[in-house]
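Read-outs: derived from the displayed coordinates by stated rules, not from any lab. Because the structure is a prediction, the values reported are computed rather than measured. FYI the Cβ positions are ideal-geometry reconstructions off the backbone, even for glycines, and counts take in every protein chain you see.
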Amino acid sequence: MTDELLRDISFNLIAAGRDTISSGLTWFFWLVATHPSVESKILAEIKSNFQKNGDTDRLVESADDKLKKFIYLHAAFCETLRLYPPLPINHKTAAKADVLPSGHFVKRNERVLLSFYTMARMEEIWGEDCLEFKPERWISKTEGFVHVPSYKFVAFHAGPRNCLGKDQSFIQMKMAAIVIIKSYHVQVVEDHPISTSDSIVLHMKHDLKVRVSKRKIC
């Protein structure tokens with residue numbers, strides 16, 4: 001462990017985790033705000049896990065263990081990241097000539113672009129309801145979480161190149177969502193345009209304008 005390696009790891013965690021998490025949270029709150037039934041289920045899950053009003057103040061303590069109980073919230077985030085992956089496009093360069101499983105020939109040093117955003121909208125991968133925001137697709141009949149292979153759910157890349165910050169990202173996003181949804185109702189401003197930006201990170205082109213109101217009882 002050299003100073004240079006420690007520097008690079010620290011910079012990677014800060015740079016890679018900042019914009020991607022903010023992107024994921026933005027799309028999450030938009031989807032939840034436009035799907036009242038999802039918001040109600042998340043709120044019910046929060047209430048069942050935090051009986052006392054001040055419990056969320058201690059969320060940072062043993063957060064990982066506490067957050068494992070939030071099955072529906074985790075499903076909602078997975079569904080958000082499926083439809084709106086913070087890094088929507090990835091590219092690879094062939095080290096040597098090869099033939100892909102599809103039969104396509106790739107020359108040495110040829111670049112292949114992978115559109116994670118497009119893959120999420122392909123019926124052959126996610127079914128006829130692929131365009132729907134449906135957290136239930138991640139939950140089994142026994143109320144457990146459905147495991148989806150990383151080569152299908154590619155928001156955090158796949159296989160040996162899976163994102164090292166995946167678990168930490170979920171922890172941060174869940175903590176933010178719980179604290180906000182527990183105390184506030186987020187409503188999108190009427191007629192606010194929603195579209196994706198042309199950038200490496202999938203931000204909202206016009207940001208997200210909302211009205212926030214305090215919940216009376218939670």
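Return the subset of Lys41/Lys174; Lys166/Lys205; Lys69/Lys152; Lys141/Lys216; Lys107/Lys166; Lys182/Lys205 for which the Cα-Cα distance in this structure is over 22 Å, preserving the input order.
Violating the 22 Å Cα-Cα cut-off are Lys166/Lys205; Lys69/Lys152; Lys141/Lys216; Lys107/Lys166; Lys182/Lys205.
With everything on Cα atoms, drop me the angle between helix 166-183 and the longest principal axis of the chain, reported from 0 to 90° to the nearest 10.
30 degrees
Angle between the Cα long axis of helix 71-83 and the longest principal axis of the chain, 0 to 90 degrees, nearest 10?
On a 0 to 90 degree scale, this one is about 40.
Pull up all non-local amide H partners of Tyr184: gap of 5 or more, or a different chain, and H-to-H distance under 5 Å with H placed in the peptide plane.
Distant-sequence amide H within range of Tyr184: Arg215.
Over the chain, with a Gaussian network built from C-alpha contacts below 10 Å, which listed residue (Leu131, Leu73, Leu208) shows the highest mean-square fluctuation?
Between Leu131, Leu73, Leu208, it is Leu131 that shows the largest mean-square fluctuation.
Most fluctuating residue of Phe156, Phe28, Phe50 in a GNM of the chain with Cα springs under 10 Å: which is it?
Of the options given, Phe50 has the highest mean-square fluctuation.
Can you give the % of DSSP beta bridges in the chain that are antiparallel, to the nearest 5?
95 percent
Given charges of +1 on the Cβ of Lys and Arg and -1 on the Cβ of Asp and Glu, with all other atoms neutral, how large is the dipole of the chain about its Cα centre, in debye to the nearest 20?
240 debye
Pick from Val189, Val32, Val99: which residue has the top mean-square fluctuation in a GNM of the chain where Cα pairs under 10 Å get a spring?
The residue that fluctuates most here is Val99.
Roughly how tilted is helix 3-33, in degrees to the nearest 10 and between 0 and 90, from the longest Cα axis of the chain?
60 degrees
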